[in-house]
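Undergrad: Below is one structure. I have some questions about it.
The values are calculated or read from the model by the stated rules, or taken from the named source; none is laboratory data. These figures come from a predicted structure and were not determined experimentally. Virtual Cβ from ideal backbone geometry, glycine too; neighbours counted across all protein chains shown. Heavy atoms of the whole protein, side chains included, go into the accessibility calculation; ligands, DNA and RNA do not. Shrake-Rupley method; radii C 1.70, N 1.55, O 1.52, S 1.80 Å.
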Amino acid sequence: MSPVSGARAVSAPRVYLDNNATTQVAPEVLEEMLPFLKEKFGNPSSAYSFGGNLQKDLERARERTASLFNCHPTEIVFTSCGTESDNFAIRGLVDAYPEKTHVITTKVEHPAVKNQVSYLKKKGLRVTEIGVDRRGNLDLAELKAAIDNETLLVSCMMANNETGVIFPLREICGIAKEHGVFVHTDAVQAIGKLPLDMAELPVDLLAFSGHKFHAPKGVGGLFVRRGLKIRPFLIGGHQERSRRGGTENLASIVGMGKAAELALARLPEEESRVRALRDKLERGILSGIAHSEVNGDPVRRVPNTTNIGIHFIEGEALLLALDKHGICASTGSACASGSLQPSHVLRAMGIPFTCIHGSLRFSLSTYTTDAEVDYVLETLPGIVNRLRELSPFRSLQEIEAFGE
Ligand code: PLP
């Protein structure tokens, strides 16, 4: 039996369950992009029609992207990736309001936010990082207490990339707006997974990235609410209404426009079929593997993600073994400078060390099939049993803690 879905390339893994890392380009997206990589190679800023006519393709992509957020097309600024969008949002606002010197963020942000804020902290900005509880939920009382007269911005992600936990942006906006504080959200992991309506959600800035929703890598965007004062991050030409210099990556922008259209159309499927597959995978793992548990709020989560802590095992070894079976997933510890660095997200949640190192993130997509989930459920328990026999974490004390 081959659980591989028909749309995959020949060299693709048997089962790709790492869609929070990146996604495959949708065939419909690729098809729309190709003319812009071939005959329609002009520069949309050119005065002659061969280039200038491409403006309308650029603006069509902007309209399609804006539809995903129910915002005005002029509120979308195209960028090169989610990281640039997050950097632009934070730095652009901090530079535009030098009289405000305090930014609030959370302990579980992606490095695109975390490291930008750390950089600004070194430059003199005051930063407060709000903590999360054991399920990854934000402490709103802590947020409320942190706001003062110098606070410019609250930057809080919409959904966490590791656990899928959804943050209460509406409440956060309510608290921030009461004090005249701006809100930026990193929505990179929310696109195509949650409905987004900028007419309903009063965030000022929202970052997204094409390659997380079946557009290619190297394109992203920032929603900038109309009228907001923000300094450009990339300073150069007049592109993007002088908000982001640089010749537009038109082929990818067109692709992201199509991907946005697909993401909107596929939201109901994400909510039903993808969620059901995720739940089946999760239930199967929890019932088939002793000492395993879900990391993160089991309810307030995007439908495609599960992060499962498998105690007494080493995640990197687990990933390598899964890789041998053609399964792609992620772990809560990453190899950096020769040592295993436990995830800052799982650490902030207070997950025990032995569980962080054995945590696995599976992230599904519209291309995930039932047969693929069955294959993982058939394969994973055997791998875990073999590795546990060898695990240094499986000390007598730890086993006793579970009453074996
Ligand atoms: N923010 C979040 C929550 C992410 O998951 C990622 C990528 O993993 C990024 C930002 C960065 O996006 P990009 O890879 O497009 O720079």
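Undergrad: Using a 10 angstrom cutoff on alpha carbons, build the Gaussian network for the chain and name the most mobile of 321, 187, 207.
TA: Checking each option, the largest mean-square fluctuation is seen for 321.
Undergrad: For the ranges 351-359, 115-123, what's the packing order if you count other beta-carbon atoms within 10 Å of each residue, average per peptide, and put the highest first? List each step's numbers first, then the result.
TA: Details: 351-359: 21.9, 115-123: 14.2.
The most tightly packed comes first, giving 351-359, 115-123.
Undergrad: Let me ask you something else. Based on DSSP H runs of at least 4 residues, each adding -39500 (n - 2.57), what is the mean residue ellipticity at 222 nm of the chain after dividing by all its residues, to the nearest 500 deg cm²/dmol? Display every interim value, and only then the final one.
TA: Working: 15 runs with 158 residues, N = 404.
When only DSSP H runs of four or more count, the value is -11500 deg cm²/dmol.
Undergrad: Quick one: compute the contact order of the stretch 217-275, relative version, from alpha carbon pairs under 8 angstrom and 6+ residues apart, as a percent. Don't skip to the end; give the middle numbers.
TA: Values: 31 pairs, mean separation 14.0, N = 59.
Normalised by residue count, the contact order of the stretch 217-275 is 24 percent.
Undergrad: Turning to a different aspect of this structure: When DSSP beta bridges are limited to those with both residues in the stretch 97-154, what percentage is antiparallel, rounded to the nearest 5?
TA: On the way: 1 of 9 bridges.
The answer is about 10 percent antiparallel.
Undergrad: Further question: Can you list, largest first and rounded to whole Å, the semi-axes you get for the chain by taking the square root of 5 times each eigenvalue of its Cα gyration tensor? Let's see the in-between values first.
TA: On the way: eigenvalues 268, 157, 58 Å².
Equivalent ellipsoid semi-axes, largest first: 37, 28, 17 Å.
Undergrad: So, one more: Would you please put 44-52, 188-196, 244-252 in order of how densely packed they are, using the mean number of other Cβ atoms within 10 angstrom per residue and starting with the highest?
TA: Working: 44-52: 12.6, 188-196: 25.1, 244-252: 19.7.
Put in order of decreasing packing, that is 188-196, 244-252, 44-52.
Undergrad: Going through the DSSP H helices of the chain, which span 24 Å or more along their own axis at the Cα atoms while scoring at least -0.5 as a mean Kyte-Doolittle hydropathy?
TA: Values: long enough: 250-269 (29 Å, 0.81); 370-390 (31 Å, 0.00).
Once both thresholds are applied, what remains is 250-269, 370-390.
Undergrad: What nm value, rounded to one decimal, do you get for the distance between residue 22 and residue 150 when each label is placed 7 Å out toward the C-beta?
TA: In this crude label model, residue 22 to residue 150 measures out at 4.1 nm.
Undergrad: Also, quick follow-up: Quick one: which of 121/144; 144/212; 40/217; 121/229 span more than 25 angstrom between C-alpha atoms? Each step should come with its number before you reach the end.
TA: Details: 121/144 21 Å; 144/212 32 Å; 40/217 20 Å; 121/229 21 Å.
The answer is 144/212.
Undergrad: To continue, here is another question. Defining a contact as two alpha carbons under 8 Å apart and six or more residues distant in sequence, what relative contact order in percent does the stretch 10-103 show? Mind showing how you got there, number by number?
TA: Numbers: 36 pairs, mean separation 9.3, N = 94.
Over the stretch 10-103, the number comes to 10 percent.
Undergrad: While we're looking at this one, here's another question. Under a 1.4 angstrom probe, counting protein chains only, how are 287, 155, 242, 330 ranked by accessible area, largest first?
TA: Ranked list, largest accessible area first: 287, 242, 330, 155.
Undergrad: Something else about it: I need the peptides 89-95, 257-263, 58-64 ranked by packing, meaning the mean over residues of other C-beta atoms within 10 angstrom, with the highest value on top. If you can, show how the numbers build up before the last one.
TA: Numbers: 89-95: 22.6, 257-263: 25.1, 58-64: 19.3.
Top to bottom by mean Cβ count within 10 Å: 257-263, 89-95, 58-64.
Undergrad: So for the chain: antiparallel DSSP bridges make up what percent, rounded to the nearest 5? Don't skip to the end; give the middle numbers.
TA: Numbers: 26 of 43 bridges.
Once the DSSP bridges in the chain are tallied, antiparallel ones form about 60 percent.
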